[in-house]
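First comes the structure, then the notes that go with it.
The values are calculated or read from the model by the stated rules, or taken from the named source; none is laboratory data. In this text, all values refer to a predicted model and were calculated from it rather than measured experimentally. Reconstructed Cβ throughout: ideal geometry from the backbone, glycine too, with neighbour counts over all protein chains shown.
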Amino acid sequence: MKHFFEMMFFSPQWYHYPLIVILTPLSLLYGAGMFVRRVLTSQKAFGIPIVSVGNLIVGGSGKTPFVIALASKFEGVTIISRGYGRLSTGLIEVSREGEILVDVEQSGDEPMLMAQSLPNCSVIVSEDRHKAIELAKSSGAKLIILDDGFNRVEIQKYEILLEPASIKNYLPFPAGAFREFWFSRRVADIVLKEERDFQRVVEIADVTKRMVLLTAISNPQRLDKYLPENVLAKMYLEDHAYFDKAMILSYVQQHEASSLLCTSKDKVKLEGIDIPLSEMKLKLTVNNDIIIKIESYIEGFKRER
């Protein structure tokens with residue numbers, strides 16, 4: 001069922017269209033509600049430069065690797081995330097200037113990956129982004145990067161919107177993958193399209209002869225084009241799902257695999273497991289003109305202060 005809806009959202013087939021037609025009135029109502037929310041909500045300024053990295057569709061579009069690439073270019077950065085899939089609630093400091101303060105169950109997989117990848121940055125997770133921003137300010141942050149912040153319409157920020165290379169279904173949820181109407185992209189300061197404005201670079205570390213894939217990411221079929229021929233089987237779990245070690249061991253033994261292939265996002269939840277791991281490392285290249293635009297935004301913010 002999960003695969004059916006992911007296909008309907010990202011690559012609809014003929015058999016999806018009857019359901020799309022049935023759900024379209026709900027999608028239009030949902031999109032209208034989100035549009036009214038965006039138009040009527042007043043924005044709050046926090047007295048600190050805030051850069052939002054977001055998207056219009058549900059699921060992965062490279063936000064986490066983009067945030068990592070972007071944060072590595074600046075000093076005094078605090079990343080603020082919702083922490084989807086974490087087993088905790090409330091405001092939690094995941095890392096403070098590179099020092100990891102909690103485990104992955106408290107942080108969530110993506111914030112932990114960001115914390116481990118950025119030794120000079122701080123990472124905070126919170127449902128209440130306002131509290132997290134105030135904590136970051138009081139802790140001396142010079143720049144806040146808001147992970148998945150496009151729908152935080154009440155926060156005044158510099159908006160970077162990431163778009164996939166191709167889109168086949170432009171409808172809002174539930175008939176499509178869009179969180180708002182497609183034309184909401186116009187409010188972004190920069191719209192970046194994959195393969196045109198940023199590139200994914202995938203490297204597989206510790207390759208072995210017989211690998212099996214295990215991943216808990218959204219729309220996992222997007223990994224297929226990066227997989228080598230010696231991947232014997234693929235297991236897809238719900239986005240952000242945690243892994244059962246007995247299940248993983250059985251899966252590896254069943255296929256007589258020499259290693260378990262996972263993404264970097266998955267690997268942070270596999271620490272301590274006694275199985276050889278192969279890792280799909282995803283990086284995004286960020287063009288220098290994007291960095292220059294953000295630097296210009298920060299300088300303009302300082303002048304206005």
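Name the residues in region 71-98 that are among the acidic types (D, E) and either within 19 Å of the chain's Cα centre (by Cα) or in a strand (DSSP E or B) (or both), would you?
The answer is E93, and nothing else.
Name the pairs whose Cβ atoms lie under 9 Å apart, with the first residue in region 256-271 and under 16 Å from A115 (Cα atoms) and assigned by TED's automatic domain parsing to the domain that holds K234, the second of a type in the set (S, T, N, Q) and in a helix (DSSP H, G or I), and 6 or more positions between them or separate chains?
S264/T64; S264/Q116; S264/S117; K265/T64; V268/S107; V268/Q116
With E110, E163, E154 as the choices, which residue is under 23 Å from A45 (Cβ atoms) and of a type in the set (D, E, K, R)? Outline the logic, then answer.
On the way: E110 fails: under 23 Å from A45 (Cβ atoms); E163 fails: under 23 Å from A45 (Cβ atoms).
Result: E154 is the single residue among E110, E163, E154 that is under 23 Å from A45 (Cβ atoms) and of a type in the set (D, E, K, R).
Is at least one residue of region 177-195 hydroxyl-bearing (S, T, Y) and part of a strand (DSSP E or B)?
Checked region 177-195: no residue is hydroxyl-bearing (S, T, Y) and part of a strand (DSSP E or B).
Select from region 5-27 the residues that are polar (S, T, N, Q) and either under 22 Å from A165 (Cα atoms) or at pLDDT below 90 (or both) and list them in ascending order. Steps first, answer last, please.
Quick first cut of region 5-27, residues polar (S, T, N, Q) only: 11, 13, 24, 27.
Answer for region 5-27, where residues must be polar (S, T, N, Q) and either under 22 Å from A165 (Cα atoms) or at pLDDT below 90 (or both): S11, Q13.
Please identify the pairs in which a residue from region 105-117 that is free of Cβ contacts under 8 Å to residues at least 24 places away in the same chain and not assigned by TED's automatic domain parsing to the domain that holds T263 has its Cβ atom under 6 Å from the Cβ atom of a residue that is surrounded by 24 or more Cβ atoms within 10 Å (Cβ to Cβ) and part of a helix (DSSP H, G or I), counting only partners at least 6 apart or on another chain.
Once the first residue is free of Cβ contacts under 8 Å to residues at least 24 places away in the same chain and not assigned by TED's automatic domain parsing to the domain that holds T263 and sits in region 105-117, no partner that is surrounded by 24 or more Cβ atoms within 10 Å (Cβ to Cβ) and part of a helix (DSSP H, G or I) comes close enough.
Considering only region 252-305, state which residues are surrounded by 12 or more Cβ atoms within 10 Å (Cβ to Cβ) and part of a loop (DSSP other than H, G, I, E, B).
Correct list: H255, A257, S258, V268, K269, L270, I273, I275, P276, N287.
Pairs only if they're at least six apart or on different chains, beta carbon under 9 angstrom, first in region 235-253 and more than 26 Å from V58 (Cα to Cα), second modelled with pLDDT under 90; list them, first residue then second.
From residues that are more than 26 Å from V58 (Cα to Cα), the pairs are K245/G272; K245/I273; K245/D274; I248/I273; L249/I273; L249/D274.
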